[in-house]
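First comes the structure, then the notes that go with it.
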Amino acid sequence: SGPLTWTATATGTDSGFGGALLSSGCGVLNITTLRGGLSVTPKAPAPGTWLTVGLTLTNVGWGTVSALLPALDLNVGASQVTLMAGPAPGGPLTLAAGGAVTVAWTFSVNGAGMVTVTATGTGTDSGTGGTVLAAASGTFPRRSVLFYGPTAGGREATTPNIEVTVWSTTTWATK
C-alpha cells in the first residue's frame, strides 16, 4: 500500500530537423489496500442461542475506498444457522485512509455441526478507480458432546476451536 511514484524519460531524433528530442514525465498514484478480519461471538454457541459474525474492514492505503459493500457467504453448514439481521451497517460505505469499520451479521443457531463463513468487502479506490477487495473466512464449532461433554476426569472442555484465514487483494488501473 502507499503511493506509487514514477518518472519516465524518452529521447530520440526528430526525423524532419535532425535535432535531439527529450520528453519526460512523472506521476504519483495512490494505491489503496483493504484488509479484512473475521470474528465470531460466542465462538461455540449452543442451539437456540444467537451469534454474531463480524467483519472488520481496514483501509491501510492512502486513498479513500468508496461504494464499499459487505457480503457474507455460508460455505458449509448453512442449515445450522438462520440469518436474523445484517449486514449492519449495510452499505454502500465510504472508508477514509486509515479508517476501519466492523460490519455485523446476527444468526440464530438451529443445530449441531460446523459452520464455515466467508465475509467480503468490495469497493472502489478513489485514486485509481480500481476495485479493492478484502475477505476473511472462518469455521466455528457448535456446542456438542464432542466439544463440551464431560471428559474422563469429570471436567468439561471449554476451549473452542476457531480457524481464521485472512487475505487481501488490490486491483488497480491507471486513468
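The values are calculated or read from the model by the stated rules, or taken from the named source; none is laboratory data. Please read these numbers as outputs of a predicted model, since none were measured by experiment. Protein only, heavy atoms only, side chains kept; ligands, DNA and RNA dropped before computing areas. Shrake-Rupley method; radii C 1.70, N 1.55, O 1.52, S 1.80 Å.
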- [ ] Quick one: what are the phi-derived ³J(HN,Hα) couplings along the range 82-98, Karplus 6.51/-1.76/1.60 with θ = phi - 60°, whole Hz, x for glycine and proline?
- [x] 10, 5, 9, 7, x, x, 9, x, x, x, x, 10, 10, 10, 6, 3, x
TODO: Starting from the residue with the highest accessible area, list Leu34, Leu83 in decreasing order, probe 1.4 Å.
DONE: Leu83, Leu34
- [ ] Enumerate the amide H contacts of Gly61 below 5 Å, restricted to partners 5 or more residues apart or on another chain; note that Pro and chain-start residues carry no placed amide H.
- [x] Thr33, Gly98
Open item on the list: For a distance above 12 Å, tell me the whole-number percent of Cα pairs in the range 87-140 that qualify.
Closed with: 76
Task: Probe 1.4 Å - accessible area at Val101, Å² to nearest ten - done: 30
Task: Share of alpha-carbon pairs per 10 Å distance bin for the range 45-96, given as whole % - done: 19, 44, 24, 13, 1
